[in-house]
Amino acid sequence: MFLQLFVSFALGYLSWNLLFLEVHNYRAFSMGIPRVRVLIDSRNPLWLMLQPYVWPVLDRLPINWGSFGRYSRVAWHFADQGDSHRRYGPIWALVTPHNVYVHVADPAACADILDRSADFRRSKLYELPEVHGIFTSTASWNGWPQHNRVGVAPFNEPTMSFIWNESVTQTKQLVNFWTTACQIPSVIQDTRSLSLNVLVSTGFSIDEMFGKSSGINFAGHHTTASTLAFAIMLLAAHPSVQEWVAEELRTLPLIQEGQYGDLFPVLKRCRAVMTSLHVGRDKIIIPHGTAVIPNMLAIHTDPNIWTKPREWTPARWISTSTQGEDVLYDPPRGTFFPWSDGPQMCPGAKLSQVEFVAVMASLLQDHRINAVPRPGEEEAATTRRLLEVINDVDCTPLLQMRDSECVKM
């Protein structure tokens with residue numbers, strides 16, 4: 001009896017998926033753009049629970065899973081690295097039983113989408129962080145101006161100076177801890193603690209931030225901490241970049257509090273380290289209810305826009321003026337989205353830059369970071385293992401390394 005019920009349910013579920021796959025495929029066909037069909041949506045709740053157990057088994061089989069193997073994984077965009085756009089063009093549709101996902105990697109089109117926030121309704125995924133209240137990153141277009149006024153007000157120049165001071169203090173304490181330990185216990189945990197301490201200190205000094213703690217934690221703390229962790233591990237894999245940044249720092253006084261106004265504008269190579277973390281056609285009528293996804297990662301890895309885009313090269317962001325000074329490269333509109341773009345771009349962009357630069361300058365002025373090799377492991381093998389850890393990422397819900405603890409620093 002139980003087996004019959006299970007088989008009936010499975011057949012019914014399969015039939016339902018096949019039906020809506022064809023319904024959505026017909027909708028995608030009307031747009032006249034390349035389309036790919038996948039029977040299982042990567043966001044299917046049941047499939048989300050099963051993936052960690054199913055894929056390790058399927059990946060061991062000598063089978064090419066094709067589109068299913070590529071597009072039915074959580075955060076498949078990061079493994080894809082824009083290859084799908086190089087195969088199908090600047091705009092294409094992924095069709096699943098759940099919806100049609102139009103992926104766009106044309107710089108002008110992406111900038112236009114982000115400018116027209118009122119025309120593109122946010123995904124329901126943005127509702128998940130609202131369990132603690134609505135904030136700037138999750139507010140609808142109608143409610144966004146109010147939340148933005150409250151959220152942006154504290155991010156003024158006096159606050160930036162406070163962020164600098166607190167970041168320098170926290171980093172010096174962290175460096176003292178690291179240098180007295182045999183090795184760094186956990187880069188990701190330590191950067192999370194550092195970033196959280198900076199934000200908590202700032203939040204408790206500014207009345208306007210009360211009531212927005214969940215938004216600051218989600219959009220500020222985790223993103224900055226993760227960026228710092230990626231940067232530290234990438235620096236360990238690229239000693240030459242550490243020396244390149246140190247060249248800039250050797251010309252400056254000892255990094256300390258009270259220097260925000262003087263040093264932040266000139267620490268351009270430190271900012272370049274942060275920056276480097278890794279549709280020209282007829283009008284297209286997009287049916288109502290279709291998900292439109294500006295594929296920023298595809299643009300960031302487009303070889304037609306960037307030279308060797310998959311190489312971590314902070315120096316690409318620096319040019320030399322006629323006076324021999326470093327100048328930060330300002331990319332064309334629509335080619336780079338570190339904090340999104342348009343009217344709803346991240347209001348804490350400057351805050352994260354100040355914190356990151358203060359941490360990098362305080363860390364690299366007198367110290368260097370290295371990965372700890374395993375017994376008998378050569379330097380090249382250690383670097384290769386470190387890069388494999390850095391590139392093994394997921395997005396739940398923010399980009400992070402799956403197992404950063406397996407490489408000690």
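Please treat every number below as a calculation from the coordinates, not as lab data. All values derive from a computational prediction rather than experimental measurement. Here the Cβ positions follow ideal geometry from the backbone for every residue, glycine too, while neighbour counts run over all protein chains shown.
For the reader, a short list of remarks on this structure follows.
- For the stretch 158-177 versus the stretch 354-409, the gap between their alpha-carbon centres in whole angstrom: 21 Å
- Fewest-first sequence of Cys182, Cys406, Cys110 by Cβ atoms within 10 Å of each Cβ: Cys182, Cys406, Cys110
- With neighbours defined as other Cβ atoms within 10 Å of a residue's Cβ, the residues His238, His85 order from fewest to most as His238, His85.
- Computed FRET value (nearest 0.05) for Leu5 with His288, which takes r as the C-beta separation and R₀ as 35 Å: 0.40
- Working from label points 7 Å from Cα in the Cα-to-Cβ sense, the Ala181 to Ala381 distance is 2.6 nm.
- Put simply, the amide H of Ile293, placed in the peptide plane, has neighbours under 5 Å in Val102, His103, Val104, leaving out anything fewer than 5 places away on its chain.
- If R0 equals 25 Å, the separation of the Cβ atoms of Gln173 and Ser240 corresponds to a calculated FRET efficiency of about 0.35.
- Nonlocal amide H pairs with Val372, under 5 Å, H built at 1.01 Å: Lys408, Met409
- Taking other Cβ atoms within 10 Å as a rough exposure proxy, Ile305, Ile286, Ile91, Ile63 sort from fewest to most as Ile63, Ile305, Ile286, Ile91.
- Loop trypsin sites (Lys or Arg not before Pro), the stretch 45-119 (other Cβ atoms within 10 Å of the site Cβ: 14 or fewer; DSSP): Arg60, Arg116
- The alpha carbon centroids of the stretch 241-268 and the stretch 288-349 are separated by 23 Å.
- Length gained when the stretch Leu39-Asp83 is fully extended (0.36 nm per residue, less Cα-Cα span): 13.8 nm
- Fully extending the segment from Leu254 to Trp76 would add 59.7 nm, taking 0.36 nm per residue of separation and subtracting the current Cα-Cα distance.
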